């Protein structure tokens, strides 16, 4: 599981726009329960002694950082530096003019505010907290329109206008999780840039009531950009903080290759894992904890047990000790230890190899691997595979976290009698595979392919094949979904979506 979403815990729109009478401003209006959030700037709707009028609208939005922090403490999301947080908000279509080629500033709010229960986004008749002049009923903003930390903000462009908002806010989120005094979690403010919020120049050189002094502002209008709020009826359109990280486990026990002079050094390395699974959960080995282990390798005897002397490891074949007889395995996560190494075929070809994990003279685990030679080709290969999901269920609960395992074989695979009779037929391992979850009724990508730098939807693999974990809370209940897989084909340098789809429902 490499994606978690946290829906906003509070959001509202604040504005100093005129009511319909073009006399009274709605600066005391609250819109905390409205199902949309709105950003706009209107210039010159009314003329007066101070020139053309300025009307602005901004968004305040807050997220449950305490829950995110608790998830980190519990190990549900990884440590700082290993996870990225994205603010995601979704465009709400309106019958009004949609501005184009504008930028929105996303900045941390610097004091607490209350969401309120207002709904009226047209006549601005629902008065309350928070609003343009007050974050709460008990106090005022230092500046009209909200107080923000201007040194730490993000600039998001909207060339067409209808785009969703998606921005990496990891720096701010990490500061909120750390609970530094400078960055208490008061959420984000979202508004147009100073150069695109409407111009206003006061004869006093300061703000005039609820109107902001802005001598670098625009003398044109940007009306209006709307996003869905947290109270929208549309499950996948709610504003969220999305945590993404690379959770892959790459275990080459069934995909182990001997070193080849034809391969770059990095491609000669293989990863192996020790899973200390006790009573159904991964726990650290008490005598080892988070320290390193040593791993030795032996040829296999005719009885299938380690025999002879330790195999000598190539220099540079992973992290090895001075005698090159032991590789060093490092702590990866609770109950999981990882070693990376290379083996030459000189003395071990065609034999099984046993990996023995030990520390302080105590052996903890002995496994088996069957290395193969890296294949070579006399023509450009064309891969044509068939994939099946080994453990798919018809339905899942939103409270479930499910593991999906896949069996992959070449479409032209021709098994012999022995292979058919063998219960555990080997699966093809796909080192670069990604998953996508689609809602079937409208083909909506509930979990899009994540094949960018964060690799959030890559599949893990071990001796049983490729797999991934999915937290079903990501999906709206009472709908059917399908899993689609895409494999990266190095021979053509492109991802290829597989024809098979695996369907299931999510039900309360």
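Using Cβ counts within 10 Å as a stand-in for footprinting exposure, how do 478, 252, 400 rank, fewest first?
478, 400, 252
If I take R0 = 45 Å and measure r between the Cβ atoms of residue 488 and residue 207 in this structure, what FRET efficiency does the formula 1/(1 + (r/R0)^6) give, to the nearest 0.05?
FRET efficiency, residue 488 to residue 207: 0.25.
Quick check: residue separation of residue 477 and residue 45 times 0.36 nm, minus the Cα distance between them. What number comes out in nm?
151.0 nm
Order by neighbour count: 282, 56, fewest other Cβ atoms within 10 Å first, most last.
By the 10 Å Cβ count, ascending: 282, 56.
At a Förster radius of 60 Å, what calculated FRET efficiency corresponds to the Cβ-Cβ distance of residue 151 and residue 409, to the nearest 0.05?
For residue 151 and residue 409, the calculated efficiency is 0.60.
Please state the relative contact order of the range 451-508 as a whole percent: Cα pairs under 8 Å, 6+ residues apart?
30
Hey, for a label at residue 336 modelled as a point 7 Å past Cα toward Cβ, could you say which residues of the range 265-302 have their backbone N under 13 Å away?
272-277, 282-284
Please work out the FRET efficiency for the pair residue 399 and residue 138, using the Cβ-Cβ distance as r and a Förster radius of 60 Å; give the result to the nearest 0.05.
The value I calculate is 0.95.
Over the chain, what relative contact order in percent results from Cα pairs under 8 Å that are six or more residues apart?
Normalised by residue count, the contact order of the chain is 15 percent.
So between residue 9 and residue 170, what do we pick up on full extension, going 0.36 nm a residue minus the alpha carbon distance?
Stretched fully, the residue 9-residue 170 segment lengthens by 56.1 nm.
Most exposed first by the Cβ proxy, i.e. fewest other Cβ within 10 Å, how do 225, 393, 312 rank?
393, 312, 225
Pairs of alpha-carbon atoms within less than 8 angstrom and 6+ residues apart define the contacts here; what relative contact order does the range 3-244 have, in percent?
Averaging sequence separation for qualifying contacts and normalising by length gives 35 percent for the range 3-244.
Given the Cα-Cα distance of residue 440 and residue 246 and 0.36 nm per residue of separation, how much length would full extension add, in nm?
Contour length minus the Cα-Cα distance gives 67.2 nm.
Sticking with the crude label model, points 7 Å out along Cα→Cβ, report the distance from residue 82 to residue 120 in nm, one decimal please.
Once both label points are built, they end up 5.2 nm from each other.
Which residues does a label at residue 163 reach in the range 19-48, if reach means a backbone N under 18 Å from a point 7 Å past the Cα toward the Cβ?
39-40
Tell me which label goes with the value of log10 I(q)/I(0) by the Debye sum over Cα atoms at q = 0.06, 0.08, 0.12 Å⁻¹ computed from the coordinates here: (1) -0.41, -0.66, -1.10; (2) -0.30, -0.53, -1.17; (3) -0.25, -0.45, -1.07.
Comparing each candidate, only (1) matches the computed number.
By DSSP, what percent of the beta bridges with both residues in the chain are antiparallel, rounded to the nearest 5?
Beta bridges within the chain, antiparallel portion: roughly 95 percent.
Quick note: the coordinates plus some simple rules give every number you see, no bench work behind them. Because the structure is a prediction, the values reported are computed rather than measured. So basically every Cβ, Gly included, is an ideal-geometry build from the backbone, and we count neighbours across all protein chains shown.
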